[in-house]
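J.: What follows is a structure written as structure tokens; I'll ask about it next.
Computed from the coordinates by the stated procedures, all read-outs in this text should not be read as laboratory data. Remember, it's a predicted structure, so these values are computed and weren't measured experimentally. Every residue, glycine among them, receives a Cβ derived from its backbone with ideal geometry; neighbour counts consider all protein chains shown.
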Amino acid sequence: MTDAELLVEKKKLMKTKVFYAAAIGFMTGILIFGFVSWLLFSEKRFGFLIPMLIPVIFIYRMLKAPNKNKDLEDVLKERKLN
């Protein structure tokens, strides 16, 4: 790849990282809101906590996804384009 192509990929990578950070923050807010509302609710049912596992799964996948771009980051560091 040329340096110009790598810089375009770097921009895409940065947009992806920003999106992941925003999505993780949003889902963490959902988890905190759900957990606090569960604590404040008079009847403690564990079935209420089950839907909150979905954001946990998405957060886990998003935290593992940046590892796929490790090769691109290594090439950018080798060529000193970061």
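J.: Full-extension gain between residue 24 and residue 9, please, as 0.36 nm times their residue separation minus the C-alpha to C-alpha distance.
T.: Length gained between residue 24 and residue 9: 3.2 nm.
J.: Calculated from DSSP H runs of 4 or more alone, at -39500 (n - 2.57) each and per residue, what is the 222 nm mean residue ellipticity of the chain, nearest 500?
T.: The helix contribution divided over the chain gives -24500 deg cm²/dmol.
J.: By a straight-distance test (C-alpha under 27 Å), which lysines pair with residue 77 as possible cross-link partners, with residues fewer than eight away in the same chain excluded?
T.: 10, 11, 12, 15, 17, 64, 68
J.: Filter the DSSP H helices in the chain by two things, a Kyte-Doolittle mean of at least -0.5 and an axial alpha-carbon span of 30 angstrom or more, and list the hits by number.
T.: 3-40
J.: I want to verify the translational diffusion coefficient of the chain in µm²/s; compute it with Stokes-Einstein, Rh as the Kirkwood radius over Cα pairs, at 25 °C and 0.890 mPa s.
T.: The diffusion coefficient I find is 162 µm²/s.
J.: Cα-Cα pairs above 15 Å in segment 40-82: how many percent?
T.: Within segment 40-82, distances greater than 15 Å cover 64 percent of Cα pairs.
J.: For residue 41 and residue 72 in the same chain, what is the full-extension length gain: residue separation times 0.36 nm, less their Cα-Cα distance, in nm?
T.: Details: separation 31, 0.36 × 31 = 11.16 nm, distance 4.75 nm.
Extending this stretch completely gives an extra 6.4 nm.
J.: Rounded to the nearest 0.05, what FRET efficiency do residue 31 and residue 62 give with R0 = 22 Å and r taken as the Cβ-Cβ distance? Could you check?
T.: 0.95
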